[in-house]
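Structure first, commentary second.
Every read-out reported here was derived from the displayed coordinates using simple, explicitly stated rules and does not represent laboratory data. All of these numbers come straight from a predicted model, not from anything done at the bench. FYI the Cβ positions are ideal-geometry reconstructions off the backbone, even for glycines, and counts take in every protein chain you see.
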Amino acid sequence: MPQGTGVDFSLTTIEALLPFILVGFGAQIVDGALGMAFGVICNTLLVAVIGLAPARASANVHIVETFTTAVSGISHVLHGNVDRRLFLRLLIPGMIGGITGAYLLTNLDGETVKPYVLGYLVAVGIYLLVRGLLFPPKSKKPKVVEPLGLVGGFLDAAGGGGWGPIVTSNLLVQGVEPRKVVGTVNSVEFFLTLTVSATFIFHLGLKDFATATLGLLIGGVIAAPFGAIMAKKIPTKTMLILVGTVLVITSTYGFIRAVL
């Protein structure tokens, strides 16, 4: 049992796993279709409801995401949702940012910057909502990519979730085709989560990864292939509206919790 949580993590029954399986399934459906929210949803559950420390929760989520993003990435490749050039531009900066964020979270308090990031994401979500509702979207080539990968990887590791909201939303703002954004961001995320998980394990060890991790893993892996199919079929305008809505809801909730 992790010290200070007051929760018995030794249970491995179906009853104990089921809530986490459902959360993992639902979070991965959203993430696979919209390119964000798995880490945010799962990390919120582990910290706010289960009571894990932020570093431990982020480590659990990233270990689960190593498997879910592998399945999701393969599915997106098979459905033609990945832009190879965009993938390569995001890959190395994302991994560098992830290693840095994981290292800092295990050694420093990473909560200070969180309200500012969440406030920014609320604003981006509102922008995407307005754009999807009022202005016909047009596909363009992105101009700012590498810095997004660096910042997204850092915030993902330091905050337990942030790669999708930061990178997906900003690429959509720049006018990249939504299904290519979602497929590419999900595919790069496998390498990011693998790197971040290795960094966390190096600093924290493998102890205390328990029922929550197993349940989230089962639900997430089952759901992963369906997200790629949904991303391919959802129209661009609908995708912008859905991403904006999810971003506003999750970021507003996180912002309120961070400042109170």
How do the peptides 37-43, 89-95 rank, highest first, by the average count of neighbouring beta carbon atoms within 10 Å per residue? 37-43, 89-95
In nm, spacing of pseudo-spin labels at residue 126 and residue 74 (7 Å Cα→C-beta vector): 4.3 nm
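Please give the direction-averaged projected area of the C-alpha convex hull for region 220-260, in square nanometres with one decimal. Present the calculation step by step, with values, prior to reporting the outcome.
Details: hull surface 14.8 nm².
In nm², the orientation-averaged hull projection of region 220-260 is 3.7.
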Using a Förster distance of 22 Å, the FRET efficiency for residue 252-residue 198 (Cβ separation, nearest 0.05): 0.10
Starting at the first residue of region 65-77, write each ³J(HN,Hα) from the Karplus equation 6.51 cos²θ - 1.76 cosθ + 1.60 with θ = phi - 60°, in whole Hz, x for Gly and Pro. 5, 4, 7, 5, 6, 5, 5, 5, x, 4, 4, 5, 4
Residue separation between residue 146 and residue 232 times 0.36 nm, minus their alpha-carbon distance, gives in nm 28.5 nm
